[in-house]
Amino acid sequence: MANILIIDDEKSIRKTLREILEYENYKVEEAGDGSEGLNLLKANGYDVVLLDIKMPKMDGMEALEKIRVLYPDLPVIMVSGHGTLETAVEAVKKGAYDYVAKPMDLNRLLITVRNALDKTNLITEAKVLKRKVSKTRVILGKSPSIKKINDKIEKVAPTDARVLITGENGTGKELVARWIHEKSNRHEGPIVEVNCAAIPSELIESELFGHEKGAFTSAIKQRIGKFEQASGGTLFMDEIGDMSLSAQAKVLRVLQENKITRVGGEKEISIDVRVIAATNKDLHAEIAKGTFREDLYHRLGVILIHVPTLNERKDDIPILANQFVQEICEEYGIPKKVITPKAIQEMQNMHWSGNIRELHNVLERLVILSDAKITEEEVLTYAVAHHVRDPFEAIFNKYERFQDFKDYMEKQFIDFKLKKNVWNVSKTADEIDIQRSHLYNKIEKYSLKREESVS
């Protein structure tokens, strides 16, 4: 069901539009002026906005400009009884989807709304397809560490210097590598990825350098290795710290000579490849243990980029969370959901051992299990992060005063019991051993409401 926001200072117009749109099975909300409409847009997700031009406080044109900045893909249909052709043209130039004059033609209004919704769906489908086709996405965040990474990418990408990217699992090392490739002079060439940890040690050389037919028992035909596949482009060697010492020696030789020899072959093949490597290990410690070659480290680490953990850049969580929620809703084809500021705050209080990957998984879980809004209670219920040995620790830390904590727990307890008893107040009062009038007072105090059943 599509969500439509009506912004108009005339109550009678809002009422008429609501009745028409609800009859067509749209979900409708109203605002009496531009400022109120913007506040609703920030708090909820909408698919189309009907916006009056002449309003007090903030008129429709000013509101339109602000909406276009905040929500560039949201269709806005301008509505006015005072309009002229010039007004309509100006509104469309400023980004309005269409213009409907009062008194409104019912059929024209409904067709315009349907077309606007079709546009929204097409934009959403295009975004989803683009994300599926391309693994390169924007590096989200405004923290100093992310700004530093973006600045370094801009400087390093146009060169052919080798880059070593370090950081924990799930921090986004692959994304950094892909952006270096995208901004390089090799962006029209391939970027080939090889996960060194996922390939058995006895097959790593065949995977990297290829093999000739008959080189070993299962080599029934010639195979082109990753270095050759990436010629003219970039080879991204992920988890480089897990490579065997024998394979490291051969990679070092390739980096020195820019030539490879396939397994079972004798001919040297020249290659033109930029190598970007990544690891979640401390390579200095691996060198000290004798499991990683120091000369290879220096060959790979011409440029060093460290990707911080999510715990080191928690100020970026609001940006990441809002973007992920939007994308997840689009991919599942469900109405837009909003994550509340308090829910964001709860996430910032958590310890994220899985970094960005874990955050995305938690938000996907919350989008699936939550209602229209993702609240702090749902975060505490479903976002089972690793920061709590005691399940009540997060709640204890949330409240300074005993009375606030007591009120919170009392509200949760009463709400649970009412839902369990299908909002039978008498039965619930008997079960929790308080007077019915006392329970009604508690329901009013905590603004508890019975959820509407969906038939």
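The values are calculated or read from the model by the stated rules, or taken from the named source; none is laboratory data. For clarity, every value in this text was computed on a predicted model and none was experimentally measured. Using ideal geometry, Cβ is built from the backbone for each residue, glycine included, and neighbour counts are taken over all protein chains shown.
Data overview
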quantity	calculated
Test result for Leu235, crowded, with 19+ Cβ neighbours inside 10 Å, assigned by TED's automatic domain parsing to the domain that holds Asp160 and either in a strand (DSSP E or B) or within 40 Å of the chain's Cα centre (by Cα) (or both)	yes
Inter-residue pairs, beta-carbon under 8 Å, first in the same structural domain as Glu376 (by TED's automatic domain parsing) and in region 396-415, second exposed (fewer than 14 other Cβ atoms within 10 Å of the Cβ) and assigned to a helix (DSSP H, G or I), 6+ apart	Phe405/Phe396
Helices (runs of 4 or more DSSP H) within region 363-431 that include 2 or more residues of a type outside the set (A, V, I, L, M), at pLDDT 90 or above and farther than 30 Å from Leu41 by Cβ	402-420
Considering residues of region 407-431 that are surrounded by 14 or more Cβ atoms within 10 Å (Cβ to Cβ) and hydroxyl-bearing (Ser, Thr, Tyr) only, the residue farthest from Lys445 (Cα to Cα)	Thr428
Filter result (surrounded by 13 or more Cβ atoms within 10 Å (Cβ to Cβ) and in contact (Cβ under 8 Å) with a residue 12 or more places away in the chain) within region 432-455	Ile432, Leu439, Lys442, Ile443, Tyr446, Leu448
Search result, residues across region 278-310 that are over 25 Å from Glu154 (Cα atoms) and either assigned to a loop (DSSP other than H, G, I, E, B) or within 28 Å of the chain's Cα centre (by Cα) (or both)	Lys281, Asp282, Gly290, Thr291, Phe292, Arg293
Matching entry among Lys226, Lys213 (being more than 17 Å from Val302 (Cβ to Cβ) and at pLDDT below 90)	Lys213
Candidates Thr217, Thr171 - the one that is touching a Leu at 6+ places or on another chain (Cβ under 9 Å) and either β-branched (Val, Ile, Thr) or not in a helix (DSSP H, G or I) (or both)	Thr171
Candidate set: region 244-277, residues that are of a type outside the set (Gly, Ala, Ser), out of contact with any strand residue (DSSP E or B) (no Cβ under 8 Å at 6 or more places or on another chain) and assigned to a loop (DSSP other than H, G, I, E, B); chosen: the one surrounded by the fewest Cβ atoms within 10 Å (Cβ to Cβ)	Glu266
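The rows are residues; the columns are (1) within 30 Å of Gly189 (Cβ to Cβ); (2) exposed (fewer than 15 other Cβ atoms within 10 Å of the Cβ); (3) not assigned by TED's automatic domain parsing to the domain that holds Leu41.
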position: Val302; (1), (2), (3): yes, yes, yes
position: Cys329; (1), (2), (3): no, no, yes
position: Gly333; (1), (2), (3): no, yes, yes
position: Asn361; (1), (2), (3): no, yes, yes
